Protein chains: 2
Amino acid sequence: MKKILKSTVAILSVLVAFTSCNNSGKSGNKSGALASNVAEKVYVAPGEHDEFYAFISGGFSGQLSVYGLPSGRLFKVIPVFSQDAEKAYGYNEETKPMLNTSHGFIPWDDSHHPDISQTAGELDGRWIFINGNNTPRIAKIDLSTFETTEIIEIPNSAGNHSSSFVTENTEYVVAGTRFSVPIPQKDMPIKDYKGNFKGSLSFISVDPEHGHMDIKFQLIMPGFDYDLSHPGRGKSHGWFFFTTYNSEEASTLLEVNASQNDKDFIAAVNWKKIEEYVNNGGGTMVPANYAHNVYDESTHSATSTMKKEVLTVNPLDVPGAVYFLPTPKSPHGCDVDPTGEYIVGNGKLSANLTVHSFTKMLDAIENKKFAGDAYGIPILNFEDVLAGSVEQPGLGPLHTEFDGKGNAYTTFFISSEVVKWKLGTWEVVDRQPCYYSVGHLMIPGGNSAKPFGKYVVAMNKITKDRYLPTGPEVTQSAQLYDISGDKMELLLDFPTIGEPHYAAGCPADLIKPRSKKIFNLEDNKHPFAAKNEMGTKVVRDGKTVHIYMTMIRSHFAPDNIEGIKVGDKVYFHVTNLEQDYDVPHGVSMIGANTSELLIMPGQTETFLWEPKQEGVWPFYCTDFCSALHQEMQGYVRVSAANANTPLKWSLGEDIE
Amino acid sequence: MKKILKSTVAILSVLVAFTSCNNSGKSGNKSGALASNVAEKVYVAPGEHDEFYAFISGGFSGQLSVYGLPSGRLFKVIPVFSQDAEKAYGYNEETKPMLNTSHGFIPWDDSHHPDISQTAGELDGRWIFINGNNTPRIAKIDLSTFETTEIIEIPNSAGNHSSSFVTENTEYVVAGTRFSVPIPQKDMPIKDYKGNFKGSLSFISVDPEHGHMDIKFQLIMPGFDYDLSHPGRGKSHGWFFFTTYNSEEASTLLEVNASQNDKDFIAAVNWKKIEEYVNNGGGTMVPANYAHNVYDESTHSATSTMKKEVLTVNPLDVPGAVYFLPTPKSPHGCDVDPTGEYIVGNGKLSANLTVHSFTKMLDAIENKKFAGDAYGIPILNFEDVLAGSVEQPGLGPLHTEFDGKGNAYTTFFISSEVVKWKLGTWEVVDRQPCYYSVGHLMIPGGNSAKPFGKYVVAMNKITKDRYLPTGPEVTQSAQLYDISGDKMELLLDFPTIGEPHYAAGCPADLIKPRSKKIFNLEDNKHPFAAKNEMGTKVVRDGKTVHIYMTMIRSHFAPDNIEGIKVGDKVYFHVTNLEQDYDVPHGVSMIGANTSELLIMPGQTETFLWEPKQEGVWPFYCTDFCSALHQEMQGYVRVSAANANTPLKWSLGEDIE
């Protein structure tokens, strides 16, 4: 195996060296941060509430975590794409279907970019969407229950990275191909990539009432890597912008081979035009297998449906729908300012930061001033669409957010800093170091028409010496800066669970009133719910046994069960009868090859137990619920497969 | 199904009412906590380090989490008993054997009581042990890597709750039966519990050099519920103390039926005497299946061995080995003070707190002053062993820890407070409310001869309105109090991941020097490791394919692979060649029915991929590693099962 060594390798060595250099120092900025007023700025006294929610994706954990700002405290890990044994997500019978895909059950994904639903360009706090990067999917979380209620798989895609951003009325949430592949998939030599592999950009409609997702159309694009995206807003509403890299269409050693072109592209997609086209019957329905999984709050259960076809659109069939904006080198972040006029392309190997003008783009299109085309898609002239450029602001720009006061904040991975600059004048007005190697940043509402520009959260890729060590694997981390003044002020390092890949934030008051406290027992439509102790029972159907069980402080009903046989499939359907806030119960069975159930008031969950050995086996409540929690237990008697022990159950009296 | 209704039910209603009442209030103690010096006391400035480690069990999450004090920040979730898709624990081929048991692979447990290894009664910071409550197990975590390196299953047990506390030189770590069961297990009526079901107390020896665990003996005890335990220390070294409840031997509706006796027992076990007995050939070896799983750091791999027998001891065969100390009602916590003289029994339904005297116990034994026996085990007189009692200190005492300055701190679940009292005078000297319904508490080193009495952490069962809401499931939480002065001062509410069931803490300096930064690549003895790019290869063996792959910033070797067939079992063995601190790489494959791999520098991990469909499928690095991380990707070409695509691989050049 030989390797291509090009001059680019030298550049790469420099980049790596810069990173290492930056990481070797001990913490800075202590003088300011030690002041007691800094401590007070992040201290949320016992019993007081944080001012903002921050929904930070777990990156390679596959989940979405809920934090408070300014305290940086973690309130909940919402299981999305990965199994969670604590909450039984992906283990109990109700949620297993959520992780179904066309490739079968997948217990993990790589969750990247949460985005809160919007109405008229402002956050509305109803749902939050997040993409699965590895096996392309988009999930939706309901912000009244903080539970994942829908996951849709994206066919004809790979590496769903440029996702899951929403348009200004949540008309669509988008997905995009980071790794181009044969569409449809087929066996072909990897070296035939160029011209044969394709990308796809998917527009998933969102039902305005229930939020149900449906793939409206997929745009089949040249085989570049579609990296990130953002919607137009305000004047640019109706358009969507996607960065690309690897316009070289390399298929091996991309760190060298995809870094050759001076400029790659931002793809500008007029989705309203394409929507009109498909509404008028345009596009081609093609076979495609993909899962659509929906969790129903009333039955507390998910169902998975396998879809069979998807509507694809060739951009050449819709004149005026797609243009390429040349953007220096390998642009990563693709960020649109609150007015919708400026599209910032963060060229990660570029010395300068490029800002495109939406108005100038429309003018150039109107005047048909094209520099050429790529696979038939018009390329605009760089100079014609350029609004301005921030000159040499730092090394390795990745992402930009906005404070709504005319300032932009860009992260620089290599020089490890956040740089504040002015929209329109392009002048750098402040910079603060990050510890270390910052990726995304987040200002609450910073990707909407109405940012709340009080704090910025920097999400770092390296932490090294910043916290107490924990062996070779150290914590992930974010940093909180106060941006209410002219100068940014570093307030807090706070560790995160999973990789803090990206985040969405909003004022606490947007969500607090929506947050549900219990599930109403009367509304429980789970097919195996027992709504009171009189409704509990054990039903045998051949080798399958269904236990309709209840729990309330501090006993199970029933708590003695006999007549179970080795080889049975025993389903424990357990209903929490409590109707008070914050009184969950848990249940588990010794030797069960699954997780516990953690059941909220009014909810029913199910685990499967397949006893393999005769005996008397205990189960118990796993969530400390009362002074007599330790007494909340029961026994199941398991007899031989051919025994004649009768099926009986009881609470409070012996089984005779 | 009828229910027994006894007078106790009325008491229970009161207990529940007390709890609810306590929970309904809004936060208190704000006046003090709002003072800026309180904020400064918990603020750890960016780049500064916390003073203490706190290892807080996840309870029903099955894991162990690492926090810093006083900041309350979470640094790492160490996967122990539950699968973790982020770290591939329980998903990759190397760690799957860690979750093997006699019941098969179990992806979850209920982790309760971490305890740090000791030498001469003081914390030595080498290992931390933690029990699995549901399917009885004890795990050991190495505090140089912060990884779980050993799990031993406990046969003849159920509900391993009174575990995993260590003796003062870590001679033993103990396990105990919370739910008595037939020993050995057999099919019998549940109503025949009394006299037929048994408990077991297991003493697991710990190799002083490598820490390897081995069950030395199991004491077969009356069928009570063995709830918590602590070792003697100092003068009482050689003894172990276990609380019991359900001395009534009830098997249904325990909240009523196990709350009948005025006194249950603390079992005092002279383990040195039993050790001598078994060293001289005593005890009975009985058949018992249990798993012993060991992770080898040099191969980065675990192996699981199924053991076939265990040594049991009948306490009646070892005169002087076991005594029962009557203790008011249903004692929960069983806590021994730093001198080893006082054994505190936290009778959870008792008005007073009972403290036994080790000296008086020895005197009573010497004088053979017994009140009777239980199944042949001598019962001492309550008055003969009583050191003193704290009168009406609160409602629902659960646990006690010590500050090393003559003070004890007890949690009260029902009255929701921590109460400070003096050893010897038994007077209450301070009390602070908890929000809400506190369970365990932790003072760093508080269960050793040398506590570090600066902070106490209260671990609460209810949080309700203390944090921003997150739907029906709200966060779990702990509270930090300063106990350096005469009066306790509430400093901080900090949320926890999982249930903060119990914790162990120690000064940061005890662990920091031990913490390993990387795995040395030269020491990597993984059988499928490629130690450099020249060593990478793809080997077919029938339908099994082994890929020896490496990763380094920012490419895989190889990154193009052809000749894989539908129906193959493809093992990706991936080695991270980096030798810098905090440069992990991750890897995943689209559609793989497993988790990602998160691979530390110098480490090799393996995932299995079983391609089901022809095509060209990408893989990529999941952990943002450099400015060209997005370019770190590769493709695998999958052909039909009967295709003749030759097996080839490359990096940087096309496969011809």
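The values are calculated or read from the model by the stated rules, or taken from the named source; none is laboratory data. Bear in mind that the values here come from a model prediction, so they are computed numbers and not experimental data. Note that each Cβ is placed from the backbone with ideal geometry, even for glycine, and that neighbours are counted across all protein chains shown. In case anyone asks, the SASA skips ligands and DNA or RNA and just uses the protein heavy atoms, side chains included. Shrake-Rupley method; radii C 1.70, N 1.55, O 1.52, S 1.80 Å.
The table for this structure:
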item: Value at 222 nm in deg cm²/dmol, rounded to 500, when DSSP H runs of n ≥ 4 in the protein assembly as shown each add -39,500 (n - 2.57); result: -2500 deg cm²/dmol
item: Accessible area of residue B:617 in the full protein assembly, 1.4 Å probe (Å², nearest 10); result: 20 Å²
item: Contact order relative to length of the range B:512-656, as percent, for alpha carbon pairs under 8 angstrom and 6 or more apart; result: 28 percent
item: Three semi-axes of the equivalent ellipsoid, the range B:185-300, Cα gyration tensor, whole Å, largest first; result: 30, 20, 15
item: Restricting the range A:345-405 to chymotrypsin sites (Phe, Trp or Tyr not before Pro) in coil, as DSSP defines it, with at most 14 other Cβ within 10 Å; result: A:375
item: Amide H contacts of residue B:388 (H built 1.01 Å from N, under 5 Å, at least 5 apart or other chain); result: B:355
item: Longest segment of chain B lacking trypsin sites (Lys or Arg not before Pro) that sit in a DSSP loop with at most 10 other Cβ atoms within 10 Å; result: B:27-367
item: Cα-based shape type of the protein assembly as shown, given that a ≥ b ≥ c are square roots of the gyration tensor eigenvalues and the cut on a/c is 1.5; result: prolate
item: Radius 10 Å from Cβ of residue A:419, net charge of other residues (Lys, Arg +1; Asp, Glu -1); result: 0
item: Derived scalar couplings ³J(HN,Hα) [the range B:600-608; Karplus, 6.51 cos²θ - 1.76 cosθ + 1.60; whole Hz; x for Gly, Pro]; result: 7, x, x, 9, 10, 9, 9, 10, 9
item: Cα gyration tensor category, rounded, prolate or oblate, for the range A:513-601 with a/c compared to 1.5; result: prolate
item: For the range A:521-650, share of DSSP beta bridges that run antiparallel, in % to the nearest 5; result: 70 percent
item: Members of B:186/B:216; A:87/B:140; B:76/B:405 lying beyond 30 Å, as alpha-carbon distances in this model show; result: B:76/B:405
item: Neighbour cut-off at most 14 other Cβ (10 Å), DSSP loop, chymotrypsin sites (Phe, Trp or Tyr not before Pro), the range A:248-355; result: none
item: Estimated buried accessible area (total), pair A and B, 1.4 Å, Å² to nearest 100; result: 15000 Å²
item: Identity and axial distance of the chain A residue whose Cβ lies nearest the axis relating A to B, Å; result: A:39, 2
item: Förster radius 56 Å - calculated FRET efficiency between residue A:119 and residue B:487, Cβ distance, rounded to 0.05; result: 0.65
item: Förster-model FRET efficiency, 56 Å R0, residue B:279 and residue B:48, C-beta, rounded to 0.05; result: 0.65
item: Residue A:642-residue B:613 FRET efficiency (beta carbon distance; Förster radius 56 Å; 0.05 resolution); result: 0.80
item: Using alpha-carbon coordinates, inclination of helix B:7-24 to the longest axis of chain B, degrees; result: 60 degrees
item: Label point distance in nm, residue B:543-residue A:543, each placed 7 Å from Cα along Cα→Cβ; result: 2.4 nm
item: Solvent accessible area, Å² - residue B:614, 1.4 Å probe, full protein context; result: 80 Å²
item: Gyration tensor verdict on chain B (Cα atoms; rounded if a/c is under 1.5, prolate if a/b is larger than b/c, oblate otherwise); result: prolate
item: Sequence-distant residues sharing a close amide H with residue A:349 (under 5 Å, placed H); result: A:329
item: Pairwise label distance in nanometres, residue A:317 with residue B:306, each label 7 Å out on the Cα-Cβ vector; result: 5.8 nm
item: Separation in nanometres of the label points that stand 7 Å from Cα toward Cβ, at residue A:522 and residue A:351; result: 7.2 nm
item: The range A:7-514 - accessible surface per residue (Å², probe 1.4 Å); result: 27 Å²
item: Amide H contacts of residue A:502 (H built 1.01 Å from N, under 5 Å, at least 5 apart or other chain); result: A:57, A:59
